[in-house]
Amino acid sequence: MALLTKPGALRALIVLAAIVLLPARADAIRDLASVSGVRHNQLVGYGLVVGLAGTGDQATQVPFTTQSLLNMFQRLGINMSSSVASNLQPKDLAAVMVTAELPPFSQPGQTINVTVSAVGNASSLAGGTLLMTPLKGADGQTYAVAQGNIVVSGFGTSSGGSSTQTNFLTAGTVANGATVERSVPTAFDQPGALELDLDTPSFGTASRIAVRINHEFGAGTAVPLNAGVVRVKAPADPGARTGFVGALLDLNVDPQSPPAKVVIDARSGTVVLGQNVTLGSCAVAHGNLSVTIDTKYETSQPNPLGAGQTVVTPSTRIKAKQAQADLLMFKPGVTLESVVRALNAVGATPNDLIAILQAMKQAGALHARLDVI
């Protein structure tokens, strides 16, 4: 991967993947595919953070925070009169959403990291402690329970109406803050064939994976079902099955070259060009037309002894300027490196580059798929 930049020239981020032809590179199957059904699961929960230094939710604007505190007090056997409860306005308390990912094969008693994010108007979670929060999956079952001290990477301070802040203060993490209470059942231990799901579907890569597995474990072991799935016969015994999958994922395969593609993010001016992008014969001329309208107001004063009135009259000047267009010639099969160097030389801006690439695609000279996001 290479990055080409030049002061005052192309400011768009251009990432070039393998500009020159490199020798075939073998990747492990684990980097190209994953075992079907072996996946992470998202968990979410609602909780309370206490111990904040006056940076919690404002009860008058976020009433559900106080209501959650009263519900927790009631479960702990603390009953308050209605008059006391209505006047309760804690400033060291914040309502938060707690999220986590449950890794595959997690067992009860193991710990995972959690992310804590404010949902009210708390200004900072620094120094807070997350109270016991059940984390549930999409099926509504509780799979982990989170609690612990929150670590916030940001920093902020204020005084006399002035404030300064670095990063974000309303989100933090609790390292190993959740304990797994329930494991997620998988079909991995069940006898039968396994399926490998390719991260990037490709008929060529799926076929090469199957050929490599059959060469290592015998003919008929693997069959490519389509561009994204390879079915593999695996031992029925759980111990042998685990060792078989571990050895299988260690096998090296030369993946099929990705299709030629150019990705443009028009909002940020980012342009990413793949390694197989080439151009046909074409000539490119790109210039800019700028129009400037400048209006000045002038005051006309009457003779002091006359009966006239002061009049304000606008004076408008319109100036149009068209920059000289630089004509670039590209021969058939020109490399991507040559194209980028030529555009850098003429000082193309991000918008210029996007317009040029789109025009090349319309003319049929850009031999790549153009994706605008």
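The values are calculated or read from the model by the stated rules, or taken from the named source; none is laboratory data. All of these numbers come straight from a predicted model, not from anything done at the bench. Glycine also receives a Cβ, built like all others from the backbone with ideal geometry; neighbour counts cover every protein chain displayed.
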inquiry  = Going by what's in this entry, would LEU52 be described as outside the structural domain of LEU248 (by TED's automatic domain parsing), at pLDDT 85 or above, closer than 21 Å to GLN147 by Cα and in contact with a Lys or Arg (Cβ under 8 Å, 6 or more places away or on another chain)?
reply    = yes
query = Just to be sure, is VAL114 at pLDDT below 95 and either hydrophobic (A, V, I, L, M, F, W, C) or surrounded by 12 or more Cβ atoms within 10 Å (Cβ to Cβ) (or both)?
reply = no
request  = Give region 30-62 a look and list any residue that's more than 26 Å from the chain's Cα centre (by Cα) and of a type in the set (Ser, Thr, Tyr), or say none.
outcome  = THR55, THR60
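Of everything in region 218-229, what is out of contact with any Asp or Glu (no Cβ under 7 Å at 6 or more places or on another chain) and within 26 Å of PHE105 (Cα to Cα)? Give them in sequence order. Outline the logic, then answer.
First, the residues of region 218-229 that are out of contact with any Asp or Glu (no Cβ under 7 Å at 6 or more places or on another chain): 218-227.
Within region 218-229, THR221, ALA222 meet the criteria.
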query = So PRO259 fits all but one of (1) at pLDDT below 75; (2) under 33 Å from the mean Cα position of the chain (by Cα); what number is the exception?
reply = (1)
ask   = Within region 181-211, how many residues are in contact (Cβ under 8 Å) with a residue 60 or more places away in the chain, over 22 Å from ARG241 (Cα atoms) and surrounded by 14 or more Cβ atoms within 10 Å (Cβ to Cβ)?
value = 3
